[in-house]
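Enquirer: Handing you this structure, nothing more for now.
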Amino acid sequence: MDSIALLLGGFEHALTLWNLLYCLIGVSIGMFVGVLPGLGPVAGTALLIPLTFGMEPTSAIIMLSGIFYGSMYGGTITSVLINTPGESASVITCIDGYQMAKQGRAGTALGVSAIGSFIGGVTAILGLTFLGPPLAEFALKFGPPEYFSLLLLGLIMLVGLMGKSVIRGLIAACFGLMLSLIGMDPVSGAIRFTFGQMELLEGLDFVVVAMGLFGISEILLNAEKHMKMEKPSTIQGLLPERHEWKPTLSAIGRGTGLGFLIGLIPGANSVIASILSYSLEKKVAKDPSRFGKGAIEGVAGPETANNAHSGAAMIPLFTLGIPSSPTVAVILGAFIMHGLTPGPALFQNNPDFVWGVIASMFVGNLILLIFNLPLARVWAKIAMVPYEILFPLILILSVVGVYSINSSLWDVGMMILFGGIGYLMKKLDLPIAATVLTFVLGAQIESTLLQSLATSQNGLLIFFERPISGVLLTLGCVILVFSLISGIKKRRSTLINDFEL
Amino acid sequence: MKKLIATLTVIFTLVAAGCSQNEIQSNGNQTAAGDQGSQANTDYPTKPIEIIVPYAPGGGTDTASRILSTAVSKHLPNGQSVVVVNKAGGAATIGMTEVFKAKPDGYKIGMTTTGATSIQPHYGKAPYTHDSFQAVIRVLSVPQVLVVRADAPWKTFEEWLEYVKANPDKFTYGTAGAGHTAHIAMEALNAAANIKTKHVPFDGAGPAVTALVGGHVEGAVVQVQEAKAQIDAGKIRALINVGSSKVEAYKDVPLAKEKGYDVQVDVYTGLLAPKDTPKEIVTILHDAFKKAMEDPSVIEQFRKLGVDPSYAGPEDFQKDITDSFNRNGEIMKKIGLIK
């Protein structure tokens with residue numbers, strides 16, 4: 001009950017005119033940052049930190065965290081409309097979201113994401129309010145072996161998403177893993193596959209690879225069709241049809257739970273939350289064949305999960321002072337710049353600040369919902385712009401966006417190269433999402449494996465000696481065995497009917 | 001939609017107002033600083049100066065550069081502005097290569113660190129080496145500390161040493177990455193004290209400290225400011241300082257050299273200009289940044305980051321870079337990072 005009283009006190013701070021304005025500015029910038037390809041939430045928050053030096057700490061953190069969760073809303077928009085994820089958490093939304101847009105249901109896809117994001121975000125903040133500290137202590141039990149098992153589980157789930165041909169899926173997944181090997185070996189420091197190029201020393205950049213494989217290849221593919229695409233005639237409503245409400249809401253519920261749990265774990269990124277949510281939705285759906293053809297659950301679940309993730313990611317920061325993602329690490333930096341030490345003492349020493357910021361997150365999520373529902377209709381109109389005009393624009397935006405990451409033409413060249421590769425992959429029916437997702441997870445899998453082995457006294461046994469990691473791996477094996485059995489039984493009939501990523 | 005337009009207008013007006021204010025200020029300074037410029041025999045700087053930061057926005061080097069770049073304008077002739085440009089990638093070699101190749105006119109300078117100029121050249125991939133630049137000024141020199149959990153059984157460095165001597169290859173320590181200054185510092189201590197510890201590289205200092213708090217590694221070697229939040233919260237404590245100097249905030253943490261082990265691995269941060277930059281320009285830059293470093297508000301902001309400014313002039317800074325380059329090379333050879 002204490003928490004409620006404190007939270008109400010927090011609203012007193014969050015609802016002052018200035019703090020409301022900062023919250024508004026924060027979430028708006030976050031949304032724009034999410035929409036713009038290339039400029040991610042990390043750079044967005046980092047660039048604004050110097051602006052906050054003169055502000056009250058509460059206002060500063062209200063604004064910066066607004067950018068963080070606001071960007072999660074924005075990232076969806078480009079995934080749905082132009083099949084190009086604005087940030088990594090939205091990769092999976094491309095699969096069904098873009099299909100929905102092609103059917104003229106872009107408004108519904110965006111509307112459902114906004115509602116799901118709101119529910120996921122608010123639930124996660126409620127979690128922060130009432131359950132924060134004990135949950136955060138538990139999450140600390142995740143060390144390198146546990147991450148490794150979790151990531152491996154994510155990879156196994158991915159095999160389940162392969163689409164028409166498992167072989168093609170595996171080729172795409174292995175290609176992604178190979179890409180993730182480029183650059184300096186995280187443990188020995190040996191330099192691999194860089195062909196003497198300094199630019200490759202730290203490996204390929206996610207944004208460059210994803211925008212090339214998804215975005216540029218889409219433009220190339222459509223250019224081939226003489227710019228005559230089946231154009232959606234009208235934008236249908238923002239809300240799902242009546243019979244879709246029930247599955248949508250349960251997908252949002254599951255996404256919230258999953259995203260929240262994964263957000264608690266420091267270091268587990270939001271990509272894992274959205275992959276797991278997508279495959280969970282596909283597993284529980286009555287008719288999994290709809291997935292990949294514009295299934296509304298395939299948008300609602302993952303989008304909810306990544307917002308619940310970003311809310312829950314604030315729990316370890318507030319209660320333990322531990323950043324769970326790069327953006328949160330930047331916000332931690334801002335805490336310190338303003339003379340606040342995150343951790344258990346924060347709740348006792350600066351209650352006004354803590355509860356003010358928490359309350360502002362409720363307000364911010366509400367602002368985003370109000371923004372996004374009517375705006376979804378505006379955004380969705382983009383899908384109606386003739387392709388002759390839209391594609392050059394997307395191309396220019398992508399080039400500028402990629403250039404802006406490191407002010408480097410090399411990145412632009414790489415993006416175009418990956419655009420070519422993506423085009424070939426689409427021609428050959430290789431699932432691109434499998435490549436991008438294994439690329440994101442690959443580097444982490446490698447370093448957590450090597451970290452675990454470095455801390456282990458018994459070699460590989462460490463993964464089974466530790467309870468959490470053991471359970472995760474067993475779960476992975478069970479899923480794998482079940483998939484194999486069902487595969488043999490149905491003689492791949494399900495797989496053939498399956499969707500394509 | 002109307003709402004959106006309204007918000008946008010508000011934001012743009014705010015930005016515009018902020019910009020015009022700066023303009024007025026710089027105009028004011030221009031007249032005031034007019035005669036200063038004529039003394040220096042050069043009209044430098046006539047346009048904004050670019051500082052290349054070879055790391056992504058938000059990191060320690062970036063933050064320090066941004067703090068300085070806002071404060072330095074008023075100490076430059078003409079009140080010229082200084083812009084921070086992030087050129088991350090290639091373990092900081094890409095950004096420094098750009099400085100290396102820049103025209104030596106003082107308009108493009110770089111904020112280097114130990115990693116960029118005293119470690120990376122050893123791998124032979126960078127086109128420059130430790131003495132390919134004109135040193136301008138050192139702004140920070142941060143020592144690194146070995147931290148352990150607050151509930152670890154070792155209260156002092158001696159107790160810890162006794163434990164690792166009795167249990168070789170058991171004690172695991174996390175760092176921000178292989179070949180990172182922290183890794184080199186700990187290996188130097190290993191060699192000096194004749195002990196064996198196990199290195200666990202993480203992707204940055206943050207994850208290493210998190211793993212320590214979670215009890216997945218037994219220790220971590222990080223820069224003081226990276227451990228500050230958790231030390232202040234009482235989750236971890238520092239056993240020994242493997243750098244060359246103490247920090248104000250943690251005065252009671254002993255130095256390795258006080259305990260009789262010759263380990264002094266600091267992480268420096270400072271400005272470099274391209275090699276043949278004229279002496280007058282280097283002097284103008286050096287004087288302006290020196291004054292900015294003495295600015296109480298800058299010191300205050302650095303303190304909040306957990307670091308103290310640590311000044312060194314061009315000659316001393318170059319000597320620091322060279323010494324660090326040589327020492328790191330020896331250790332890297334010893335632990336097999338390079339041949």
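The values are calculated or read from the model by the stated rules, or taken from the named source; none is laboratory data. Since we're looking at a predicted model, the values are computed, not measured. Neighbour counts run over all protein chains shown; Cβ positions are idealised from the backbone, glycine included. Only protein heavy atoms, including side chains, enter the accessible area calculation; ligands, DNA and RNA are left aside. Shrake-Rupley method; radii C 1.70, N 1.55, O 1.52, S 1.80 Å.
Enquirer: Report, as an integer, the average count of C-beta atoms from other chains found within 10 Å of each Cβ along B:294-301. Walk me through the numbers on the way to the answer.
Expert: On the way: counts 0, 0, 0, 1, 0, 0, 1, 3.
Mean shielding count: 1.
Enquirer: Taking every DSSP beta bridge that has both residues in the protein assembly as shown, what percent is antiparallel when rounded to the nearest 5? Working shown, then result.
Expert: On the way: 27 of 42 bridges.
Counting only bridges with both partners in the protein assembly as shown, antiparallel ones make up about 65 percent.
Enquirer: Right, next: What percent do you get for the relative contact order of chain A when only Cα pairs under 8 Å and 6+ apart count?
Expert: Once divided by the residue count of chain A, the mean separation gives 29 percent.
Enquirer: What does segment A:143-220 give for Rg and for Dmax, in Å, if only its C-alpha atoms count?
Expert: Cα radius of gyration and Dmax of segment A:143-220 are 15.1, 43 Å respectively.
Enquirer: What residues in segment A:333-381 lose 50 Å² or more of accessible surface when the other protein chains are added to their chain alone (1.4 Å probe)?
Expert: Residues losing area: A:Ile336, A:Met337, A:Thr341, A:Phe371.
Enquirer: For the residue pair A:Met178 and B:Asp252, what label-to-label distance in nm results when each label sits 7 Å from Cα along the Cα-to-beta-carbon direction?
Expert: Label at A:Met178, label at B:Asp252, 5.8 nm between them.
Enquirer: Over all residues in B:204-213, what is the mean tally of Cβ atoms on other chains that come within 10 Å of each residue's Cβ? Intermediate results must be reported in sequence, preceding the final value.
Expert: Details: counts 3, 1, 10, 10, 1, 3, 11, 10, 0, 7.
Other-chain Cβ atoms within 10 Å of each residue's Cβ, averaged: 6.
Enquirer: Another one. Leaving out ligands, DNA and RNA, and with a 1.4 Å probe, what % of the accessible surface on chain A is carbon or sulfur? Present the calculation step by step, with values, prior to reporting the outcome.
Expert: Working: 13410 of 19000 Å².
Of all accessible area on chain A, carbon and sulfur atoms account for 71 percent.
Enquirer: Moving to a separate point now. Under a point spin-label approximation (7 Å from Cα along Cα-to-Cβ), what is the B:Asp105-A:Ala223 distance to one decimal in nm?
Expert: It works out to 3.7 nm between the two label points.
Enquirer: How far, in degrees from 0 to 90, does helix B:314-334 lean away from the longest principal axis of the Cα atoms of chain B, to the nearest 10?
Expert: For B:314-334 against chain B, the angle is about 30 degrees.
Enquirer: Moving on to the next point. Let me make sure I get this right: for segment A:20-66, a, b and c are the square roots of the gyration tensor eigenvalues over alpha carbons, sorted descending. Under 1.5 in a/c it's rounded, otherwise prolate if a/b > b/c, else oblate. Which is it? All intermediate terms of the calculation are to be shown ahead of the outcome.
Expert: Working: a/c = 2.97, a/b = 1.59, b/c = 1.87.
Oblate, since a/c reaches 1.5 and b/c is not below a/b.
Enquirer: Give the accessible surface of the protein assembly as shown per residue, rounded to a whole number of Å², with probe radius 1.4 Å and ligands, DNA and RNA excluded.
Expert: On the way: 33110 Å² over 840 residues.
That works out to 39 Å² per residue.
Enquirer: Mind running the shape call on segment A:260-380? Use the C-alpha gyration tensor, a ≥ b ≥ c as the square roots of the eigenvalues: rounded below 1.5 for a/c, prolate if a/b tops b/c, oblate otherwise. Mind dumping the intermediate values first?
Expert: Numbers: a/c = 3.01, a/b = 1.79, b/c = 1.68.
The shape class here is prolate.
Enquirer: So, with a 1.4 angstrom probe, what is the percent of accessible area on segment B:142-266 that is carbon and sulfur? Display every interim value, and only then the final one.
Expert: Details: 2040 of 4430 Å².
That share works out to 46 percent.
Enquirer: Beyond 21 Å between alpha-carbons counts as too far, so tell me which of B:Lys165/B:Lys251; A:Lys286/A:Lys427; A:Lys141/B:Lys304; B:Lys319/B:Lys339; A:Lys246/A:Lys293; B:Lys87/B:Lys228 fall in that bin.
Expert: Numbers: B:Lys165/B:Lys251 26 Å; A:Lys286/A:Lys427 31 Å; A:Lys141/B:Lys304 30 Å; B:Lys319/B:Lys339 24 Å; A:Lys246/A:Lys293 19 Å; B:Lys87/B:Lys228 27 Å.
Violating the 21 Å Cα-Cα cut-off are B:Lys165/B:Lys251; A:Lys286/A:Lys427; A:Lys141/B:Lys304; B:Lys319/B:Lys339; B:Lys87/B:Lys228.
Enquirer: Continuing with this model, one more query. How much solvent-accessible surface does A:Cys174 expose, in Å² to the nearest 10, with a 1.4 Å probe and all protein chains in place?
Expert: 70
Enquirer: Need the per-residue list for segment A:188-228: every residue with at least 10 Å² less accessible surface in the complex of protein chains than in the chain by itself, probe 1.4 Å, sorted by number.
Expert: In segment A:188-228, residues shielded by partner chains: A:Ser188, A:Gly189, A:Ile191, A:Gly196, A:Met198, A:Glu199, A:Leu201, A:Glu202.
Enquirer: Can you tell me, using C-alpha contacts under 8 Å and at least 6 residues apart, the relative contact order of chain B as a whole percent? Let's see the in-between values first.
Expert: Working: 622 pairs, mean separation 79.7, N = 339.
For chain B, the relative contact order is 24 percent.
Enquirer: Compute the FRET efficiency between B:Asp131 and B:Lys170 as 1/(1 + (r/R0)^6), taking r as their Cβ-Cβ distance and R0 = 35 Å, and round to the nearest 0.05. Each step should come with its number before you reach the end.
Expert: On the way: r = 41 Å, r/R0 = 1.17.
Rounded to the nearest 0.05, the efficiency is 0.30.
Enquirer: Kindly identify chain B as rounded, prolate or oblate by the Cα gyration tensor criterion: order the square roots of the eigenvalues as a ≥ b ≥ c, call it rounded if a/c is under 1.5, otherwise compare a/b with b/c, prolate if a/b is larger, else oblate. Don't skip to the end; give the middle numbers.
Expert: Working: a/c = 2.16, a/b = 1.63, b/c = 1.32.
Because a/c hits 1.5 or more and a/b exceeds b/c, chain B counts as prolate.
Enquirer: By the scheme Lys and Arg +1, Asp and Glu -1, what is the net charge of all other residues having a beta-carbon under 10 Å from that of B:Thr172?
Expert: On the way: positive: B:Lys170, B:Lys198; negative: B:Asp169, B:Glu218.
Neighbour charge sum, excluding B:Thr172 itself: 0.
Enquirer: With the contact rule set at Cα under 8 Å and sequence spacing of 6 or more, what percent relative contact order holds for segment B:142-266?
Expert: Details: 240 pairs, mean separation 47.8, N = 125.
Contact order relative to length: 38 percent.
Enquirer: Are there any residues in segment B:67-116 with a reduction of at least 30 Å² in accessible surface when going from the isolated chain to the assembly of protein chains? Probe 1.4 Å, please list them by number.
Expert: Hits at the 30 Å² cut-off: B:Lys87, B:Ala88, B:Gly90, B:Ala91, B:Ile94.
Enquirer: Exactly which trypsin sites (Lys or Arg not before Pro) in segment A:274-379 are in a DSSP loop and have at most 14 other Cβ atoms within 10 Å?
Expert: Details: sites: A:Lys282, A:Lys283, A:Lys286, A:Arg290, A:Lys293, A:Arg377; in loops: A:Lys286, A:Lys293.
Taking segment A:274-379 and a limit of 14 other Cβ atoms within 10 Å, the loop trypsin sites (Lys or Arg not before Pro) found are A:Lys286.
Enquirer: Right, here's the next one. Quickly work out the A:Val478-to-A:Leu424 label distance, labels modelled 7 Å from Cα along the C-beta direction, and quote it in nm with one decimal.
Expert: 4.2
Enquirer: If you add up the charges near A:Phe418, with Lys and Arg at +1 and Asp and Glu at -1, over every other residue whose beta carbon is less than 11 angstrom from its beta carbon, what do you get?
Expert: Details: positive: none; negative: A:Asp205, A:Asp411.
Residues near A:Phe418 contribute -2 overall.
Enquirer: Out of the chymotrypsin sites (Phe, Trp or Tyr not before Pro) in segment A:245-318, which ones are loop residues according to DSSP with at most 13 other C-beta atoms within 10 Å? Display every interim value, and only then the final one.
Expert: On the way: sites: A:Trp245, A:Phe260, A:Tyr278, A:Phe291, A:Phe318; in loops: A:Phe291.
Qualifying residues, ordered by number: none.
Enquirer: Still on this structure, I have one more. Just for segment B:142-266, what percent of DSSP beta bridges are antiparallel, to the closest 5? All intermediate terms of the calculation are to be shown ahead of the outcome.
Expert: Numbers: 11 of 18 bridges.
So the antiparallel bridges in segment B:142-266 amount to around 60 percent.
Enquirer: What's the buried accessible area, both sides, between A and B using a 1.4 Å probe, rounded to 100 Å²? Provide the component values of the computation, followed by the final result.
Expert: Numbers: alone 21040 and 16120 Å², together 33110 Å².
Chains A and B together bury approximately 4000 Å².
Enquirer: Need one value: the accessible area of A:Thr474 in square angstrom, 1.4 angstrom probe, rounded to the nearest 10.
Expert: 80
Enquirer: Going by alpha carbons, how many degrees (0 to 90, nearest 10) lie between the helix axis of B:2-32 and the longest principal axis of chain B?
Expert: For helix B:2-32, the angle is close to 80 degrees.
Enquirer: Let me ask something else. Kindly flag which residue pairs out of B:Lys74/B:Lys101; B:Lys155/B:Lys246; B:Lys47/B:Lys291; A:Lys282/A:Lys426 have an alpha-carbon separation exceeding 25 Å in this structure. Please report the intermediate quantities before stating the final value.
Expert: Numbers: B:Lys74/B:Lys101 28 Å; B:Lys155/B:Lys246 19 Å; B:Lys47/B:Lys291 20 Å; A:Lys282/A:Lys426 23 Å.
From B:Lys74/B:Lys101; B:Lys155/B:Lys246; B:Lys47/B:Lys291; A:Lys282/A:Lys426, over 25 Å: B:Lys74/B:Lys101.
Enquirer: Also, I was wondering about something else. Given a Förster distance of 51 angstrom, what is the FRET efficiency for B:Asp316 paired with A:Ser404, based on the Cβ-Cβ distance and rounded to 0.05? Don't skip to the answer; put the middle values down first.
Expert: Details: r = 37 Å, r/R0 = 0.73.
FRET efficiency, B:Asp316 to A:Ser404: 0.85.
Enquirer: Still on this structure, I have one more. Please give me the summed charge of the neighbours of B:Ile184: other residues whose Cβ is under 12 Å from its Cβ, Lys and Arg +1, Asp and Glu -1.
Expert: On the way: positive: B:Arg327, B:Lys333, B:Lys334; negative: B:Glu187, B:Asp266, B:Glu330.
Combined, the nearby Lys, Arg, Asp and Glu give 0.
Enquirer: Considering the protein assembly as shown, what Rg and Dmax in Å follow from its alpha-carbon atoms?
Expert: 26.8, 89
Enquirer: Could you rank B:Glu248, A:Glu224 by how accessible they are, 1.4 Å probe, largest area first? All intermediate terms of the calculation are to be shown ahead of the outcome.
Expert: Working: B:Glu248 105, A:Glu224 80 Å².
Result of the area sort, largest leading: B:Glu248, A:Glu224.
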